[in-house]
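Data block below; observations after.
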Amino acid sequence: MATRLKITCLGLFSLLILCSGCVAPASHFVGNTTSPAQPIIALQTGGPHADSWENFDIKIDYQYKQNGDVFEISGVAALTPRYEMLYARLTDLKVYLFLLDKDSRVLQTELLGRSLTGQLDERLQFTRLYKAPPGTVSITFGYDGLAQGMRDGTTSLYLLPLGN
């Protein structure tokens, strides 16, 4: 009986750890200001409004609609082709949406997608619907990940609102 209880507890603990990695980080970065390298998109009502957001690491093609506090976004995120020349595989990649106030402070963080294949050419497609917090006037994107080198080591890639 004691062995069965230990196995059950171990199984439940493992399940808890697994599920904790699936929870969206709604409170991560809240209150932080965005980096000057993060292009900020001023929200317009109605829509759909389409555009792309890109930097050295990643490109995100998106479209959104906003009606009151209802915010709907869809699109696709992918690493830029530069990574295929320098790296062998993607160890991890998470793409985030940040809902911002008039001072570019994060009001809400949402995980848009996460790499599951480890392939450098993986395209993360997303369609999400959110209730935007009061004071949301703009959005930006961010990411956090690791790429494994062709010969050795890993390189981290990230653009997150870490400043206060």
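The values are calculated or read from the model by the stated rules, or taken from the named source; none is laboratory data. Just so we're clear, the structure is a prediction, and the values are computed from it rather than from any experiment. As a convention, Cβ positions derive from the backbone with ideal geometry for all residues, glycine included, and neighbour counts pool all protein chains shown.
Here are the numbers for this structure:
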| item | result |
| --- | --- |
| Members of the range 70-91 found to be out of contact with any Phe, Trp or Tyr (no Cβ under 9 Å at 6 or more places or on another chain) and not in a strand (DSSP E or B), listed by number | PRO81, TYR83, GLU84, MET85, LEU86 |
| Matching residues in the range 66-96 - criterion: being surrounded by fewer than 15 Cβ atoms within 10 Å (Cβ to Cβ) and on the phi > 0 side of the Ramachandran plot | GLY68 |
| Any chance LYS94 is in a strand (DSSP E or B), of a type outside the set (A, V, I, L, M) and under 23 Å from THR154 (Cβ atoms) | yes |
| Residue satisfying all of: in the range 15-37; within 18 Å of ALA132 (Cβ to Cβ) and under 15 Å from the mean Cα position of the chain (by Cα); modelled with the lowest pLDDT among these | ALA24 |
| Residue within the range 128-136 that is in contact with a helix residue (DSSP H, G or I) (Cβ under 9 Å, 6 or more places away or on another chain), part of a loop (DSSP other than H, G, I, E, B) and surrounded by 15 or more Cβ atoms within 10 Å (Cβ to Cβ) present | no |
| Residue within the range 118-137 that is in contact with a Ser or Thr (Cβ under 7 Å, 6 or more places away or on another chain), under 18 Å from GLN44 (Cβ atoms) and not acidic (Asp, Glu) present | no |
| Top-ranked residue in the range 137-160 [being of a type in the set (Ser, Thr, Tyr) and touching a residue at least 40 places away in the same chain (Cβ under 8 Å); ranked as surrounded by the fewest Cβ atoms within 10 Å (Cβ to Cβ)] | THR155 |
| Flag for LEU79 being in contact with an Asp or Glu (Cβ under 8 Å, 6 or more places away or on another chain), among the hydrophobic types (A, V, I, L, M, F, W, C) and at pLDDT 95 or above | no |
| Any chance SER104 is of a type in the set (Ser, Thr, Tyr), in contact (Cβ under 8 Å) with a residue 40 or more places away in the chain, out of contact with any Gly (no Cβ under 8 Å at 6 or more places or on another chain) and under 21 Å from GLY135 (Cβ atoms) | yes |
| Residues (farther than 16 Å from PRO36 by Cβ, outside any strand (DSSP E or B) and either aliphatic (A, V, I, L, M) or in contact with a Cys (Cβ under 9 Å, 6 or more places away or on another chain) (or both)) located in the range 143-162 | MET150 |
| Unique match (being at pLDDT 85 or above, part of a strand (DSSP E or B) and closer than 17 Å to LEU157 by Cβ) among LYS65, LYS59 | LYS59 |
